[in-house]
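**Student:** Sharing a structure below in C-alpha cells format, with a few things to ask.
The values are calculated or read from the model by the stated rules, or taken from the named source; none is laboratory data. Owing to the predicted nature of the structure, the values given are computational and were not obtained by experimental measurement. Methodologically, a virtual Cβ is constructed for each residue, glycine included, from the backbone with ideal geometry; neighbour enumeration extends over all protein chains shown.
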Amino acid sequence: MKRNLAIVVHRLLSVAFYLVSFYSLASGAEIVGPEMTLQNNEIYVTTSLSLEEKHLQELRNGIAKELRVYIDLFRVWKMWPDEFVLGTSLIRTLKCDPVKSEFIATSYDGSTITEKRFKSFESMTKWALSINELKLTNIRELEPGIHFVRVTVESKIRKLPPVIGYFIIFLSENEFKISKDSLYFSIGAVK
C-alpha cells in the first residue's frame, strides 16, 4: 500500500514538474547574447531580450511589466559544479498608457533608480530590453581560471499574490524565466 502511494505521488510530482517546465519553455522570450568584452582589465557585458508578441501586446494595452535581470559570473570546475563568483541584478519596469500615449521605463540597480520617458513604444522597449556594456568586475580581483557569464531574466505574474508560491508550490509565480550562458573565457594562467 505504501509503495503504491509512493508511486502515485512520484508520478504526480513528475507531471507537475513537466507542466511547469513546459510552461517556462513555451514563453517565447529569448535572450540575445550575452557578449563580453575585456577593456582595461574590466569585464563588460552586453545582452538584450526579445519578447514574444503576446507580451508586447499586453504592454501596448497598458499592463505594466517588471523584468528582473540577473547577470552572474561563474568559474568552471572540471570535477565540481560551477562556482558562483559574483553577480549583479537589475529591475526594469515598463509602463504604457495607451490613452495618453505615455511610455515610461525605469531601471533599478540596487542603488540608483533611472526613469525615462519615451515618445514611442519601440524606443522604450529598445532601451528597457537591452543592456549595453554593463561593467561587471575588474579581472585583477578574480582567481585565474575559465569563467562564463550567465544572464537570467524573469517576469513576475501580476495576477497572482506574491506569496502564492509558498502555499501552492507547483504554481509558478513567474510569467517566464529564462537564462543563457556566454562562451567560456579564461582569466590568468589556466592550469
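**Student:** For the stretch 24-50, how many residues meet the condition of being modelled with pLDDT under 85 and of a type in the set (A, V, I, L, M, F, W, C)?
**Tutor:** Residues that pass the stated criteria total 3.
**Student:** Among the residues of the stretch 103-130, count how many are assigned to a helix (DSSP H, G or I) and of a type in the set (Gly, Ala, Ser).
**Tutor:** Qualifying residue count for the region: 2.
**Student:** Suppose we filter the stretch 69-97 for residues that are of a type in the set (Lys, Arg) and either in contact with a His (Cβ under 8 Å, 6 or more places away or on another chain) or not in a strand (DSSP E or B) (or both); how many remain?
**Tutor:** Residues that pass the stated criteria total 2.
**Student:** I would also like to ask the following. Kindly establish whether residue 100 is at pLDDT below 90, of a type outside the set (A, V, I, L, M, F, W, C) and either in contact with a helix residue (DSSP H, G or I) (Cβ under 7 Å, 6 or more places away or on another chain) or part of a strand (DSSP E or B) (or both).
**Tutor:** Criteria not met by residue 100.
**Student:** Out of 49, 67, 73, report the one residue that is crowded, with 16+ Cβ neighbours inside 10 Å, in contact with a Gly (Cβ under 8 Å, 6 or more places away or on another chain) and of a type in the set (A, V, I, L, M, F, W, C). Steps first, answer last, please.
**Tutor:** Details: 49 fails: in contact with a Gly (Cβ under 8 Å, 6 or more places away or on another chain); 67 fails: in contact with a Gly (Cβ under 8 Å, 6 or more places away or on another chain).
Just one listed residue meets the conditions, 73.
**Student:** I want to confirm something. Restricting to the stretch 104-148 and keeping residues that are farther than 20 Å from residue 62 by Cα and among the small types (Gly, Ala, Ser), which single residue is surrounded by the fewest Cβ atoms within 10 Å (Cβ to Cβ)?
**Tutor:** If we take residues in the stretch 104-148 being farther than 20 Å from residue 62 by Cα and among the small types (Gly, Ala, Ser), then 111 is surrounded by the fewest Cβ atoms within 10 Å (Cβ to Cβ).
**Student:** Could you check the stretch 57-92 and list, in sequence order, the residues that are at pLDDT below 90 and either on the phi > 0 side of the Ramachandran plot or of a type in the set (Ser, Thr, Tyr) (or both)?
**Tutor:** Result: 62, single match.
**Student:** Kindly indicate whether any position in the stretch 131-143 is in contact (Cβ under 8 Å) with a residue 24 or more places away in the chain and part of a helix (DSSP H, G or I).
**Tutor:** If we filter the stretch 131-143 for residues that are in contact (Cβ under 8 Å) with a residue 24 or more places away in the chain, which is where we start, we get 131-140, 142-143.
Then keep just the ones that are part of a helix (DSSP H, G or I); that gives 139-140.
The answer is yes, given that some residue of the stretch 131-143 is in contact (Cβ under 8 Å) with a residue 24 or more places away in the chain and part of a helix (DSSP H, G or I).
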